[in-house]
Amino acid sequence: MSNSTVPQHIGIIMDGNGRWAKKRGLPRNFGHKQGAAVFKKTINWARELGVKCVTFYAFSTENWKRPAEEVNGIMNLLRQYIKDIRAAAREDIRFIFLGDITALPPDITEELMDIQNSTVDNTGFIAGVALNYGGRDEIVRAARLLAQKAVDGEIIPAGITEDAMDKLMYTAQMPPLDLVIRPSGEQRLSNFLIWQAAYAEFVFMDVLWPDFTKKHLEQAIDEYIGRDRRFGGV
Ligand code: FPP
């Protein structure tokens, strides 16, 4: 694998936790627990393979609709993993949280903000975690910020450019999104990085997220390397 063609930024939709648990007759939260363990390992695998940044879809703006028990289970997993995230922060990993994290339980919001601020100078790897995130919500938020600038007389409407929007996305500090991986057999974006994915490659895999291994990541990267990206050119 040549490093120059390895994707710089991969987005991963961690899907299939519920089905993984159901297949084993276990409550859905067991699947999320297993999924969170794979999330942690994937950061290391991606780094070993020369990827610079991975953004994980952990909780969408729509996931609040799930039963309270499941939502609480995911929040508790986050609390548990915050400790691991802190350890990872010492390994030169920068954490960026995408989405409105102020709507999460206050103790989690506080910890995540602190982790984000304290890892800002880490350059070894970027781990993005989308929490209470929605792609449409992200675009609306950027549009509102620019509209406010226009109202305040700081820009004219022609100043609302792709570049100006890009700078207001949660991904502004990340390399461009090259590849989106969705395990579990579903083939849709589900409101994940919809602005950023305009020219990304997609790899859909039949494995459920808790069963995802380094081999699957390598396979997805190999497939990406074999693709011919033209960005609208010839
Ligand atoms: C999708 O599978 C998964 C989620 C909505 C939650 C993902 C959350 C984690 C992996 C834990 C997050 C924790 C950390 C530390 C980032 P699904 O439940 O929709 O699966 P199904 O389609 O099989 O029901």
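List of remarks:
- Counted residues, region 168-211 - those being more than 16 Å from the ligand (Cβ to nearest atom), surrounded by 20 or more Cβ atoms within 10 Å (Cβ to Cβ) and polar (S, T, N, Q): 2
- Looking only at region 61-83, and only at residues there that are touching a Leu at 6+ places or on another chain (Cβ under 8 Å) and closer than 23 Å to ILE126 by Cβ, the one that is modelled with the highest pLDDT: LEU78
- Considering only residues in region 71-84 that are more than 13 Å from ILE115 (Cβ to Cβ) and near the ligand (Cβ under 8 Å from one of its atoms), the one that is surrounded by the most Cβ atoms within 10 Å (Cβ to Cβ) turns out to be ILE74.
- Any chance ALA103 is more than 9 Å from the ligand (Cβ to nearest atom) and in contact with a strand residue (DSSP E or B) (Cβ under 7 Å, 6 or more places away or on another chain): yes
- In a residue-by-residue description of region 4-12, the property of being part of a helix (DSSP H, G or I) and within 12 Å of the ligand (Cβ to nearest atom) applies to no position.
- Selection from region 193-213 of residues that are touching a helix residue (DSSP H, G or I) at 6+ places or on another chain (Cβ under 9 Å) and not in a helix (DSSP H, G or I): LEU193, ILE194, TRP195, GLU201, VAL203, MET205, VAL207, LEU208, PHE212, THR213
- Scan of region 177-194 for residues that are closer than 23 Å to PHE125 by Cα, within 13 Å of the chain's Cα centre (by Cα) and not β-branched (Val, Ile, Thr), ordered by number: LEU177, ASP178, LEU179, ARG182, PHE192, LEU193
- Pairs, first closer than 19 Å to PHE125 by Cα in region 28-42, second of a type in the set (Gly, Ala, Ser) and near the ligand (Cβ under 6 Å from one of its atoms), C-beta under 9 Å, six or more apart: ALA36/ALA58; PHE39/ALA58
- Residue within region 196-214 that is at pLDDT below 95 and over 30 Å from GLY124 (Cα atoms) present: no
- Residue selected from region 48-70 under the condition of a type outside the set (Ser, Thr, Tyr) and surrounded by 19 or more Cβ atoms within 10 Å (Cβ to Cβ), by the criterion nearest to the ligand (Cβ to nearest atom): ALA58
- The single condition among (1) closer than 26 Å to THR5 by Cβ; (2) in a helix (DSSP H, G or I) that PHE231 does not meet is (2).
- The single residue among LEU179, LEU208 that is in contact with a Ser or Thr (Cβ under 7 Å, 6 or more places away or on another chain), closer than 21 Å to LYS41 by Cα, touching a residue at least 24 places away in the same chain (Cβ under 8 Å) and not charged (D, E, K, R) turns out to be LEU208.
- Taken over region 214-234, the criterion of being touching a residue at least 40 places away in the same chain (Cβ under 8 Å) and under 30 Å from PHE30 (Cα atoms) is satisfied by LYS214, LEU217, GLU218, ALA220, ILE221.
The values are calculated or read from the model by the stated rules, or taken from the named source; none is laboratory data. It should be emphasised that the depicted structure is a prediction, and the values quoted were computed from it without experimental measurement. Glycine also receives a Cβ, built like all others from the backbone with ideal geometry; neighbour counts cover every protein chain displayed.
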